[in-house]
Amino acid sequence: MKSVALKILHSLERMRAFGVAGVVSLSLAVGGCIPTILGAGATTGVAVAQERSVGGAIDDSTVQLAIQGKLLDRSRGLFVKVGIEVDEGRVLLTGVVPKPEDRVTAARIAWDTDGVKEVLNELQVTDKSSLVSYAKDAWITTRLRAKVLGDEKIIGINYTVETVNGVVYLLGIAQGADELKHVTEHARNIGGVKEVVSHVRFKDDPRRR
């Protein structure tokens with residue numbers, strides 16, 4: 001049973017790295033299979049590893065989908081260009097928009113969404129992005145996610161990674177300074193990374209309460 005729990009935990013870590021929405025979608029797709037397996041003994045292991053509760057993760061996914069819906073209603077362009085990650089009500093906006101007004105509009109839409117506690121607006125205003133830069137960013141993100149998930153000193157399920165024009169953005173919860181240092185060092189050692197911006201909070205941060 002322990003080996004099954006560890007396998008499930010590893011799978012959840014991989015899904016978490018690709019966003020909460022992916023986890024929820026997969027859970028819906030397989031129906032009651034995952035809850036049944038977790039009920040067999042894996043729940044404790046997953047709960048210990050992930051700092052967010054299951055309810056918190058679902059709340060974050062709800063916020064994410066709500067913001068995406070509002071962006072789509074406002075402008076298809078914004079919907080396509082703005083990346084959204086949510087962790088404990090903290091919304092990280094990443095991507096590239098052509099005008100400063102777009103950056104402001106996206107932030108306002110996020111703030112006007114129920115459940116949002118903070119908006120971290122990292123949208124870049126530029127028209128210089130290209131398919132090549134997108135491909136490089138995707139490679140950096142994939143590479144870093146693999147490093148984080150493969151490092152036994154890091155609980156990878158607690159981190160979200162996004163890259164825009166060589167700038168790596170981190171969101172999530174670290175067990176402590178040492179763990180976060182390992183994550184940032186992994187990022188800085190990847191070719192093409194220009195900067196690492198961390199919005200990660202520590203596990204014992206009083207602001208989480």
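No lab work stands behind these numbers, since they all come straight from the coordinates. Worth saying up front: this structure is predicted, and the values here are computed from it rather than measured. Cβ: placed from backbone, ideal geometry, glycine included. Neighbour counts: every protein chain shown.
With the crude spin-label approximation of a point 7 Å out along Cα→Cβ, what separation in nm comes out for L65 versus E101?
That separation, rounded to one decimal, is 3.2 nm.
Students often forget the sequence filter, so: which lysines lie under 26 Å Cα-Cα from K194 once same-chain residues fewer than 8 apart are removed?
Straight-line reach from K194, under 26 Å: K81, K99, K128, K136, K147, K153, K181.
Using 0.36 nm per residue, how much length does the chain from D114 to K194 gain when fully extended, once their Cα-Cα distance is taken away?
Here the answer is 25.4 nm.
Report the convex hull volume per residue for segment 131-208, counting only C-alpha atoms, in Å³.
Given the Cα convex hull of segment 131-208, per-residue volume reads 78 Å³.
Quick one: if you stick a label point 7 Å off each Cα along the C-beta vector at R207 and H182, how many nm between them?
It works out to 2.4 nm between the two label points.
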